[in-house]
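Report on the structure given below.
The values are calculated or read from the model by the stated rules, or taken from the named source; none is laboratory data. Bear in mind that the values here come from a model prediction, so they are computed numbers and not experimental data. Cβ coordinates were reconstructed from backbone atoms using ideal geometry, including for glycine residues, and neighbour counts include every protein chain displayed. Keep in mind that these areas ignore ligands, DNA and RNA; they rest on the heavy atoms of the full protein, side chains included. Shrake-Rupley method; radii C 1.70, N 1.55, O 1.52, S 1.80 Å.
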Amino acid sequence: MEQSRDGQRSRREAVEAARPPPARRCLNAPVTDYDVLRVFCGPNGGYGNELGVVRDGSVLPGPDDRQAFAAKLGFSETVFVDDPERGVIDIYTPTLRLPFAGHPCVGAAWLLDVPELVTPAGVVGARQDGEFCWIEARAEWVPPRTLRQYGSAAEVDDLPVPPPGVAAPSTPSGQWGWVYAWAWEDESAGRVRARAFPGRGDGIDEDEATGAAALLLTDRLGRALNITQGAGSQILTAPQPDGWTEVGGRVRLER
């Protein structure tokens with residue numbers, strides 16, 4: 001997970017040059033700039049899960065204000081950056097604060113171009129490798145999800161969105177109802193078809209791409225995976241020594 005400071009500066013300059021001025025702003029006071037990324041894009045750059053990133057977290061320092069802002073944006077997660085040099089971030093769904101989440105960490109690592117992120121769950125390693133951004137994290141950091149295997153990719157494709165609370169484990173964060181439906185597309189090649197149903201009742205009925213659930217599945221199966229999730233997003237994973245797992249994907253600056 002090593003990366004040169006010169007490399008970080010050059011990527012930051014490239015991201016800043018691509019960033020459309022001005023950034024989008026929330027319509028409610030206080031006025032807050034934020035970026036929108038698509039994380040885990042497909043091979044052609046399409047799809048991916050949208051992520052809101054507030055680069056200057058000091059404009060909304062309190063958890064209640066951050067939670068309200070994340071609810072206002074309505075993305076599956078929103079990241080608040082508290083220290084861009086050290087990679088200190090804070091993650092919220094529309095209804096909950098999370099100690100760790102996969103697609104927010106991949107997106108923030110790409111945008112900030114840092115060698116690690118500091119989350120409440122722990123320090124997340126980060127690296128850039130060509131068109132992919134990778135993070136390294138631990139399965140025990142992920143809130144409980146139900147990993148439900150199906151017999152074929154077609155069965156996963158045909159699933160209706162389940163009602164809120166299906167197979168919901170009770171957790172300190174509340175009732176999640178998180179179901180990650182998956183099937184082998186090609187077991188020998190490690191290719192998986194997946195869909196994710198958060199079941200939180202917060203307006204996110206199906207998650208387009210879910211890094212944390214992919215991390216859990218990789219940890220359970222103990223092998224590298226190439227996951228197609230949602231409408232066409234791609235997630236790559238790889239087990240690492242001592243209980244760590246890498247999760248990687250393409251990131252695009254949406255606006």
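Straightening the chain between Arg148 and Thr95 buys 16.6 nm, computed as 0.36 nm per residue apart minus the Cα-Cα spacing.
Tell me the label-point distance for the pair Ala238, Ala224, using the 7 Å Cα-to-Cβ offset, in nm and rounded to one decimal. Between Ala238 and Ala224, the label points sit 0.5 nm apart. Annotation: amide H of Thr32 within the under-5 Å range of Cys26, sequence separation 5 or more or interchain, hydrogens built in the peptide plane. For segment 75-145, the relative contact order is 24 percent, taking Cα pairs closer than 8 Å that sit 6 or more residues apart in sequence and dividing their mean separation by the residue count. The heavy atoms of Arg97 present about 130 square angstrom of accessible area, all protein chains included, probe 1.4 Å. Sequence-ordered 3J(HN,Hα) estimates for segment 229-240 from the Karplus curve with 6.51, -1.76 and 1.60 and θ = phi - 60° stand at 10, x, 6, x, 7, 10, 10, 10, 9, 7, x, 10 Hz, glycine and proline given as x. Given labels modelled 7 Å from the Cα in the Cβ direction, how far is it in nm from Glu140 to Arg86? Calculated label separation equals 2.4 nm. The overall shape of segment 34-80, judged from the alpha-carbon gyration tensor, is prolate: a/c is not under 1.5, and a/b is greater than b/c.
Please compute, over every Cα-Cα pair in segment 184-255, the percentage with a separation greater than 13 angstrom.
More than 13 Å apart: 66 percent of the Cα pairs in segment 184-255.
When peptides 132-142, 113-123 are ranked by their average number of other Cβ atoms within 10 Å per residue, the highest-first order is 132-142, 113-123.
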